[in-house]
Amino acid sequence: MFRTVITGTGCVIPPVIKKNDDFISGNFYINKNEPIAQPAIRIIEKFKQITGIEERRYACDTTNTSDLATEAARLAIQDSGIDPETIDQIIMAHNYGDIAPQTYQPDTVPSLASRIKHNLGINNPTCVPYDILFGCPGWLQGLIQADIYCRAGAAKRCLVIGSELLSRIIDDHDRDSMIFSDGAGACVLEYQDTSDTGRGILSACTRSDCTDEAFYIYFGESYAPDADGHRRYIKMKGRKVYEYALKHVPAAMKQCLDQSGVAIEDLKKIFIHQANEKMDEAIVRDFYQLYGIQEVPPFVMPMCIHWLGNSSVATIPTLYDLVIKGQVDDHALQHGDVVLFASVGAGMNINAVCYRY
C-alpha cells in the first residue's frame, strides 16, 4: 500500500510583532467616508473578543513573500533529509505575489515557485515549479494536487509551500485589517510504501462556490476619505464569509472524514485555517454535531491565531509544524494519530484533507 506522506516540515515566523495596542491611534471607517462611531480602543477590544487575536507578525521591509517561502522550504527539506535535486514538483500557494515595500503592484513573473527553485539552487530540469492562487485554502490545495500527481505516477517527491505578506496590502482604516499577518509554512511530501504504518493522506474534499460568493473577499479602495483612489487593498465581507463558512465547511469536513473510513472517535486533531477564533470554534462545534456529538473533545483543535494572526495560506502549515515540533502547549501527535486539515477562503473555496501521522 503506497500513500503520500509528509516527511518534513518547516515554518517561518516573521520578527516584527504588531500588538493590538498599536492600532489605538487609528481612524477606522466602515465604508468610504463613514467613520465608525466608537473610539478605537473599543473597536480593538471587540475585535479581540471575536477573533481571539492579541498580536500578529509582520515581515521586515527587506523581506518578501518568496523570501519567507524559500526559508520555510529550506527548513522542510532539512527536516526531511532529502536531496533537493530529487524534488519533482515545487507547488507554491500564495495570493498576491511579491510586493516590494512602498510599491503597489504584485510581482508574479517569474512565478514565485520558480524564484524558490532558483533560491534553493535546484538544477534538476525535471523539477517543475508552479504557483496556486486558491485563497486561504491554497496550501491544502497544493497538498491535494501533489497527492494526485504521486498516485498517478507523475511525481515521487513534492515540496508544497504556503507564504503570504498581507501586511503590504492592508488598509489601515479598515478594522478587518487587524486580522491579517505574514508568514510561511512548507512540507515535503513523498510517495512511500506505508503497509506497515498506514501513514499518509487518506482522503480529500474540495468545494467551490463562485456566484455571489466569489467576491466575499476582494480587492478594493481604502475606506479613508482622502485615500489614493488608484491603490487597492484586501477587503472582506466579514458577515458573509462567516455565514458561508458555517454553512459549508463542517459538511466538507464530514465528507472528507467519512471518505477516509476513520471513525469520528478516532480523530485526534483538527488543524483548521486560523481565520477567526469564534468562527473556527463554531465550525468545529457544528462538525461534531453532524455526528450527534454535542461537546467538542478537549485539546482537539490547536490554535496559533492569538499571537500569529491570519497569514492566509501559511496558517495551517505553520500550526502543523509548531505542533509536531512541540511548540504549542497541550498539543502533540503520536505516530498513527489521524488528523483533519480544513480551510476556507477567497473564491469562495473550501477544502479538507484527512491524514494519518
Inset, instruction - For SER111, work out the one condition from (1) within 17 Å of the chain's Cα centre (by Cα); (2) under 17 Å from TRP139 (Cα atoms) it doesn't fulfil. - result: (1)
Legend entry - Check on LEU267, more than 20 Å from the chain's Cα centre (by Cα), surrounded by 18 or more Cβ atoms within 10 Å (Cβ to Cβ) and within 26 Å of GLY326 (Cα to Cα): yes
Inset, instruction - Could you list, in sequence order, all residues of the stretch 32-44 that are surrounded by fewer than 13 Cβ atoms within 10 Å (Cβ to Cβ) and within 27 Å of the chain's Cα centre (by Cα)? - result: none
Legend entry - All positions within the stretch 154-177 that are among the aliphatic types (A, V, I, L, M) and surrounded by fewer than 21 Cβ atoms within 10 Å (Cβ to Cβ): ALA154, ILE169, ILE170
Inset, instruction - Please find, among CYS304, CYS354, the residue that is under 20 Å from ARG207 (Cα atoms) and either hydrophobic (A, V, I, L, M, F, W, C) or crowded, with 18+ Cβ neighbours inside 10 Å (or both). - result: CYS354
Inset, instruction - Would you mention how many residues in the stretch 76-105 are part of a helix (DSSP H, G or I) and buried (at least 19 other Cβ atoms within 10 Å of the Cβ)? - result: 5
Inset, instruction - Could you please tell me which pairs satisfy a Cβ distance under 6 Å, a separation of 6+ or placement on different chains, a first residue in the stretch 199-228 that is among the hydroxyl-bearing types (Ser, Thr, Tyr), and a second residue that is assigned to a loop (DSSP other than H, G, I, E, B) and at pLDDT below 95? - result: SER208/GLY347; TYR216/LYS237; SER222/ASP171; SER222/HIS173; TYR223/LYS32; TYR223/HIS173; TYR223/ASP174
Inset, instruction - Could you look through the stretch 298-348, keep only residues that are assigned to a strand (DSSP E or B) and either outside the structural domain of ALA245 (by TED's automatic domain parsing) or in contact with a Lys or Arg (Cβ under 7 Å, 6 or more places away or on another chain) (or both), and pick out the one that is farthest from ASP280 (Cα to Cα)? - result: VAL338
Inset, instruction - Report yes if TYR355 is of a type in the set (Ser, Thr, Tyr), touching a residue at least 60 places away in the same chain (Cβ under 8 Å) and either part of a loop (DSSP other than H, G, I, E, B) or within 24 Å of GLN192 (Cα to Cα) (or both), otherwise no. - result: yes
Inset, instruction - Return the residue satisfying two criteria in turn: it lies in the stretch 340-351 and is surrounded by fewer than 24 Cβ atoms within 10 Å (Cβ to Cβ) and not aliphatic (A, V, I, L, M), and of such residues it is farthest from ILE272 (Cα to Cα). - result: GLY347
Inset, instruction - Looking for whichever is of a type outside the set (Ser, Thr, Tyr) and assigned to a loop (DSSP other than H, G, I, E, B) here; the options are GLY153, GLY142. Which one fits? - result: GLY153
Legend entry - The one condition in (1) β-branched (Val, Ile, Thr); (2) surrounded by fewer than 20 Cβ atoms within 10 Å (Cβ to Cβ); (3) farther than 26 Å from PRO14 by Cβ that VAL328 fails to fulfil: (3)
Legend entry - Per-region count, the stretch 250-281, residues under 19 Å from LEU319 (Cα atoms) and in contact with a helix residue (DSSP H, G or I) (Cβ under 9 Å, 6 or more places away or on another chain): 14
Inset, instruction - Return yes when TYR58 is over 26 Å from PRO302 (Cβ atoms), modelled with pLDDT of 95 or more and of a type in the set (Ser, Thr, Tyr) and no when it is not. - result: no
Inset, instruction - Return a yes/no flag: does the stretch 162-178 have any residue that is more than 28 Å from ILE53 (Cα to Cα) and either assigned by TED's automatic domain parsing to the domain that holds PHE341 or part of a loop (DSSP other than H, G, I, E, B) (or both). - result: no
Inset, instruction - Considering only the stretch 1-29, state which residues are aliphatic (A, V, I, L, M), more than 26 Å from the chain's Cα centre (by Cα) and under 25 Å from LEU165 (Cα atoms). - result: ILE24
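The values are calculated or read from the model by the stated rules, or taken from the named source; none is laboratory data. Just so you know, these numbers come straight off a predicted model, no measurement behind them. For neighbour counting, all protein chains shown are included, and Cβ atoms are generated from backbone atoms with ideal geometry for every residue, glycine included.
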